[in-house]
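Undergrad: Okay, here's the structure, questions in a sec.
FYI, it's all coordinate maths here, none of it is from the lab. Everything quoted here is computed from the prediction, not taken from an experiment. Positions of Cβ are backbone-derived with ideal geometry, glycine not excepted, and every protein chain shown enters the neighbour counts.
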Amino acid sequence: MRKAFTMLELIFVITVMGIIGTVGANVLSVMYENYISSAVNNQMQSQTELAMQQIANRMSSRIKDSVIAANDITFHGLSDARDDVNYTRVEWIGSDSDSWLGDAASTAPAWSGFIDVDNNNTTRLSSPGSDFTTNGRIDTTIQALSNSDITDAAIFFIGTNTDVQNDYGWNGSAYNINDTAMHPVAIAPNTDEIIPAGYTFSGVDVYEQYKLAWTAYAIGIDPNNDNLYLYYDYQPWQSEDYDDGRQVLLMEHVSTIKAQAIGDVIKLQICVDNNISGTITSDELYSICKEKVIF
């Protein structure tokens, strides 16, 4: 009776085990790479969606005619942006949705958005239900969100015919006159009064509805690090540029950001690249693009 393997049997077993080991290692390698790819893709998907939502939240309260595509040399209204120009930023004037929604002290809007057209003159407008006073509800909210206060704010009449090249301050002009779309305001002695800052409403077409704005917003990719930033807390109607405000990092490794105006709707696209090292094979480039429609 035989009590041991023959040499041939041992060689056969070793060969079979080697084949199984090789196949198993390849399977494990593929599984690991698939895991890395899936994890990175999920991370990029969630981060891109979060960045898109943050942009959409601010852009949804925009003054719609104010949106521009810009670089450090020129700008155009987004609907008139040219294909032969390399724009690096999208900018817009944001309506003050924060104080309009109310605060902890009151759920009523801090500014009503309506003008009493029968009760105004060239030096003040009456906006029933609003609070334009020092340390009032509007002023307090703006101070909490920025380095600004109500004296940095401006109103925009809904229905005004505007010229994006001249009416919002994108051309670097400070406005304290009454023939532009943005009308800077001053501290009001009475709660519901809108006081013009350094000018009067003489000759101004006053409409029943208005929006209050205290900041513009910009989104752009920094060419030095491919990071996508949101800029805010700057006032173009006071001749301020986007880099005069605050800067917030939205996302890293952004390769492309595009915005397209379709009527009053904006289609936004962000593409992200992420170079992941340490995989079994070699460094790999993962890339995704997301689009969002903003009304």
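Undergrad: Would you please report the Å³ per residue occupied by the convex hull of the alpha carbon atoms in the range 96-214?
TA: It is 100 Å³ per residue.
Undergrad: Another one. Is any residue of the range 50-83 close enough, with backbone N under 16 Å, to a label point placed 7 angstrom from the Cα of LEU101 along the Cα-Cβ axis, and if so, which?
TA: Only 53-62 pass the distance filter.
Undergrad: Here is a further query. For a footprinting-style exposure proxy, rank TRP237, TRP170 by other Cβ within 10 Å, fewest first.
TA: Ascending number of Cβ neighbours within 10 Å: TRP170, TRP237.
Undergrad: Could you derive backbone 3J(HN,Hα) for the range 84-92 from the dihedral phi with the Karplus parameters 6.51, -1.76 and 1.60 (θ = phi - 60°), listing whole Hz in sequence and x where the residue is Gly or Pro?
TA: These are the phi-based 3J(HN,Hα) values: 8, 10, 8, 7, 10, 9, 10, 10, 7 Hz.
Undergrad: Show the residues, 5+ positions off or on another chain, whose built amide H is closer than 5 Å to the amide H of ILE187.
TA: none
Undergrad: Amide H neighbours of ARG89 under 5 Å, counting only residues 5+ apart in sequence or on other chains, H built in-plane at 1.01 Å?
TA: For ARG89, whose amide H was placed from the backbone, the distant partners under 5 Å are ALA70.
Undergrad: What does the highest-first list of 74-84, 130-140, 151-161 look like by mean Cβ count within 10 Å?
TA: Taking the mean over residues of other Cβ atoms within 10 Å, the ranking is 130-140, 151-161, 74-84.
Undergrad: Here is a follow-up. Apply the Karplus parameterisation 6.51 cos²θ - 1.76 cosθ + 1.60, with θ equal to phi minus 60°, to every residue of the range 70-80 and state each ³J(HN,Hα) to the nearest whole Hz, in sequence, with x for glycine and proline.
TA: Result, rounded to whole Hz: 9, 9, 7, 10, 9, 8, 9, x, 4, 5, 10.
Undergrad: Pull up all non-local amide H partners of THR215: gap of 5 or more, or a different chain, and H-to-H distance under 5 Å with H placed in the peptide plane.
TA: GLY94
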